[in-house]
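Chemist: What follows is a structure written as structure tokens; I'll ask about it next.
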Amino acid sequence: MTQVISQREFRNNSAAVMDGVIRGEIYYITRNGVEVAELRPITRKRRLTAEELVERHRRLPHVDGMAMRADADAFFGSEDRIGDDDPWSRRG
């Protein structure tokens, strides 16, 4: 449910307004008849546990790094690519 309330009404009834927000209500707050703010519940997602993150990671598709490099070279070209002395390389 959405309600429009004045700044004064918000100030005088802030506890009741906050209870409404907790119940899922949305308030538009006005000052001199002009809407200046929206007060709504925060929607936060639950944090995943380490086990849930590991399980999600296991379900990700396998990425073939060599095929991805070949595709990138074909698209962007390989002449400007960093050579075998790349410090960020995972080799060796």
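Chemist: So for the pair Asn13, Arg40, with labels modelled 7 Å out along Cα→Cβ, what separation do we get in nm?
Modeler: About 2.1 nm, to one decimal.
Chemist: Residue-wise, which Karplus ³J(HN,Hα) couplings in Hz belong to segment 24-41, taking 6.51 cos²θ - 1.76 cosθ + 1.60, θ = phi - 60°, and x for glycine or proline?
Modeler: The phi angles translate into x, 6, 10, 10, 9, 9, 10, 10, 6, x, 10, 5, 10, 8, 10, 10, 9, x Hz.
Chemist: OK, next. Subtracting the Cα-Cα distance from 0.36 nm times the residue separation, let me have the gained length for Val4 to Tyr28 in nm, one decimal.
Modeler: That works out to 8.2 nm of additional length.
Chemist: When the helix-only estimate is applied to the chain (DSSP H runs of n ≥ 4, each -39,500 (n - 2.57), divided by the residue count), what is the mean residue ellipticity at 222 nm, nearest 500 deg cm²/dmol?
Modeler: Calculated mean residue ellipticity at 222 nm is -11500 deg cm²/dmol.
Chemist: Now for a separate question. Taking 0.36 nm per residue of sequence separation and subtracting the Cα-Cα distance, how much length would be gained by fully extending the chain between Ser78 and Glu55, in nm to one decimal? Working shown, then result.
Modeler: Values: separation 23, 0.36 × 23 = 8.28 nm, distance 3.59 nm.
Between Ser78 and Glu55, full extension yields 4.7 nm more.
Chemist: If exposed means no more than 16 neighbouring beta carbons inside 10 Å and the site is in a DSSP loop, what's the longest run of the chain without any exposed GluC sites (Glu not before Pro)? List each step's numbers first, then the result.
Modeler: Working: sites that count: Glu25, Glu79.
Between the exposed loop sites, the longest stretch runs 26-78.
Chemist: A further question on this structure: Taking the inverse of the average 1/r across all pairs of different Cα atoms in the chain, what Kirkwood radius in Å do you get?
Modeler: Hydrodynamic radius (Kirkwood, Cα pairs) of the chain is 19.1 Å.
Values quoted throughout were computed directly from the atomic coordinates according to the rules given, and no laboratory measurement underlies them. None of the values given here were measured: they were computed from a predicted structure. All Cβ positions, glycine included, derive from the backbone under ideal geometry; neighbour counts span all protein chains shown.
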